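The next block holds one structure in the form of structure tokens; read it before the comments.
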Amino acid sequence: MPRYISQHSLACMTRQGANELSKRLHRVGAVSARRVLVNMHEGKMLVEFEAPGRTELEKWFEEEEFHYDWLLRIELESSANGSLGPV
């Protein structure tokens with residue numbers, strides 16, 4: 001399944017709020033989070049998602065009323081030896 005990374009701004013969110021948001025993002029469904037990375041100091045969050053496609057992920061964001069700053073499809077990733085290969 002295709003993978004995506006999104007960036008989100010967290011306005012005045014507490015660590016407890018970010019934890020609850022992470023749990024919400026990890027719900028199993030057509031779209032689900034693989035990893036959630038948060039910087040509380042800067043109020044930013046990166047999320048790695050699995051989704052059937054960009055359109056489906058954007059629709060999910062809209063349905064969940066979950067704003068994103070940007071969205072990127074992951075095509076290649078590095079292996080342990082540093083070489084790039086398809087996701």
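The values are calculated or read from the model by the stated rules, or taken from the named source; none is laboratory data. Just so it is clear, the model here is predicted, and its values are computed rather than measured. Note that each Cβ is placed from the backbone with ideal geometry, even for glycine, and that neighbours are counted across all protein chains shown.
Without any contact (Cβ under 8 Å) to a residue 60 or more places away in the chain and either exposed (fewer than 10 other Cβ atoms within 10 Å of the Cβ) or assigned to a helix (DSSP H, G or I) (or both): is that true of residue 57 in this structure? Don't jump to the end; show me each part of the working.
Values: without any contact (Cβ under 8 Å) to a residue 60 or more places away in the chain: yes; either exposed (fewer than 10 other Cβ atoms within 10 Å of the Cβ) or assigned to a helix (DSSP H, G or I) (or both): yes.
Judged against the criteria, residue 57 is a match.
Return the residues of the range 1-19 that are surrounded by 11 or more Cβ atoms within 10 Å (Cβ to Cβ) and either more than 20 Å from residue 74 (Cα to Cα) or free of Cβ contacts under 8 Å to residues at least 60 places away in the same chain (or both); say none if nothing qualifies. Explain how you work it out, then say what you get.
First, pick out the residues of the range 1-19 that are surrounded by 11 or more Cβ atoms within 10 Å (Cβ to Cβ): 1-10, 13, 17-19.
Residues satisfying the conditions are 1, 9, 10, 13, 17, 18, 19.
Scan the range 30-45 for residues that are in contact (Cβ under 8 Å) with a residue 24 or more places away in the chain and outside any strand (DSSP E or B) and the total you get is 4.
Residues that are surrounded by 10 or more Cβ atoms within 10 Å (Cβ to Cβ) and either over 12 Å from the mean Cα position of the chain (by Cα) or in a helix (DSSP H, G or I) (or both) do not occur anywhere in the range 65-73.
Suppose the filter is assigned to a helix (DSSP H, G or I), of a type outside the set (A, V, I, L, M, F, W, C) and within 17 Å of residue 4 (Cα to Cα); does residue 20 pass it? Taking the combined requirement at face value, the residue does not satisfy it. When the criteria are applied in full, residue 55 fails the requirement of being among the β-branched types (Val, Ile, Thr) and at pLDDT below 95. Annotation note: of 1, 13, the sole residue that is in contact with a Pro (Cβ under 8 Å, 6 or more places away or on another chain) and either of a type in the set (D, E, K, R) or not in a strand (DSSP E or B) (or both) is 1.
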